[in-house]
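The values are calculated or read from the model by the stated rules, or taken from the named source; none is laboratory data. The model shown is predicted, which means the values in this text are computed figures rather than measured ones. Here Cβ is always computed from backbone atoms with ideal geometry, including for glycine, and neighbour counts include all displayed protein chains. The area values use the complete protein model at the heavy-atom level, side chains included, leaving out ligands, DNA and RNA. Shrake-Rupley method; radii C 1.70, N 1.55, O 1.52, S 1.80 Å.
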Amino acid sequence: MVAVPTVTGSVDSADLGRVLAHEHVFVLGEEYRQNYQGDWDEDAQVAEAVEELGALPSMGIDTILDPTVLGLGRYLPRVQRVAEQIDLNIVVATGLYTYNEIPFQFHYTGPGLLFDVPEPLTELFLKDLDEGIADTGVRAAFLKCAIEEQGLTAGVERAMRAVGQASAQSGAPITVHTNPHTGSGLVAQRVLAEEGADLSKVVIGHSGDTTDLDYLMRVADAGSYLGMDRFGLDVLLPFEDRVATVLELLRRGYAEKMVLAHDASCFIDWFDPEAKRRVVPRWNFRHISEDVIPALLEGGASEQDIETMLVTNPRAYFEK
Ligand SMILES: [Zn+2]
């Protein structure tokens, strides 16, 4: 058992309960919001999030892991307002989310750069993990980076290596946004391992977007968890295919290598909210409880399989 920091204080890893391993409370760029989102209503957005996330315990969900980091608009005070009003554990992350470049704040500062200093990203990540995020007193519990179809660009590699170093130094686990169609989970595993990260503490996120079992088994056999974490994003892979892939991996003995989630958000400024509801109507925090678990059980999964993916694996992710 270990103490896992959450937005409202530490929780024993044994008490995390059923965990959705990749969800977002708010994804929004503050600079964009302040300049172009004049209709933003802070109190209404917080109230909506309280209602949506506050309903999860009654649906059997006790904890969400929120990998909203730099690049996705992480802003803890808003998340704190939500977390204080609900019974759900919200576990937050540190790291950097980019598919291409790193932010200008880091362009000229770092090893071998104009201002030649030790990697500032690693230092910021360790600060968030050890001391807390800004002056909120909330500590990050895991690390996040991304690699998309653009591949290992210079910026992606720098962020990923900093995440690997911070994990190696702190022991904190990692979630990586990957694109399984370009095999980028394997690239992430190589780079993170080179920096000393323990691949058994890594979730290769968005693995559930593919039905390529050979690829998925390669990633899992290298020690990492497969993030079957985009249920509801049927536009990227239909519900039936997502469920069938989990069922086949269960049949092949991979229950201990999968975690579940939706990658949903209470608010995201990437899409028009109306269009989002129309195109992906089941992309919400309730879909796994309402539709996915019944479909998995119907398809041959056992209650123990569900427990392993929702409780045992997320707990072990923090305890390793
Ligand atoms: Zn995400």
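Structure notes:
- Relative contact order, whole percent, for the stretch 1-91 stands at 43, derived from Cα pairs under 8 Å and 6 or more residues apart.
- Among 93, 77, 258 - extreme Cα towards positive end, dipole of the chain, charges at beta-carbon: 258
- Shape category assigned to the chain from the gyration tensor of Cα positions, a/c cut at 1.5: rounded
- Mean Cα-pair separation over length for the chain, i.e. relative contact order, pairs under 8 Å, 6 or more apart, %: 19 percent
- Counted charge near residue 213, where neighbours are those whose Cβ lies closer than 14 Å (Asp, Glu -1; Lys, Arg +1): -1
- Put 10, 265 in order of accessible area, highest first, and with a 1.4 Å probe you get 10, 265.
- Summed residue charge, Cβ within 9 Å of residue 173's Cβ, Lys/Arg positive, Asp/Glu negative: +1
- Residues of the stretch 13-55: accessible area per residue with a 1.4 Å probe, Å²: 48 Å²
- Student exercise, the stretch 3-319 dipole from Lys, Arg, Asp, Glu Cβ charges, in Debye to nearest 20: 500 debye
- For the chain, built as a Gaussian network whose Cα springs stay under 10 Å, the top-fluctuating residue of 35, 179, 284: 35
- Helix-only CD estimate at 222 nm, as mean residue ellipticity for the chain, using -39500 (n - 2.57) per DSSP H run (n ≥ 4): -10500 deg cm²/dmol
- Residue among 127, 257, 276 with the largest mean-square fluctuation in a Gaussian network model of the chain, springs linking Cα atoms under 10 Å: 276
- Placing 214, 291 in order of accessible area, with the largest value first and a 1.4 Å probe, yields 214, 291.
- Of 176, 138, 11, the residue with the greatest mean-square motion in the GNM of the chain, using alpha carbon springs below 10 Å, is 11.
- Gyration tensor (alpha-carbon) shape descriptor, the stretch 17-71, a/c threshold 1.5: oblate
- Straight-line reach from residue 201: taking Cα to Cα under 30 Å and skipping same-chain neighbours fewer than 8 places apart, the lysines in range are 127, 144, 257, 320.
- For the chain, the share of accessible area belonging to carbon and sulfur comes to 49 percent (1.4 Å probe, ligands and nucleic acids excluded).
- Positive minus negative residues near residue 316 (Lys, Arg vs Asp, Glu; Cβ under 11 Å): +2
- Cα gyration tensor category, rounded, prolate or oblate, for the stretch 40-190 with a/c compared to 1.5: prolate
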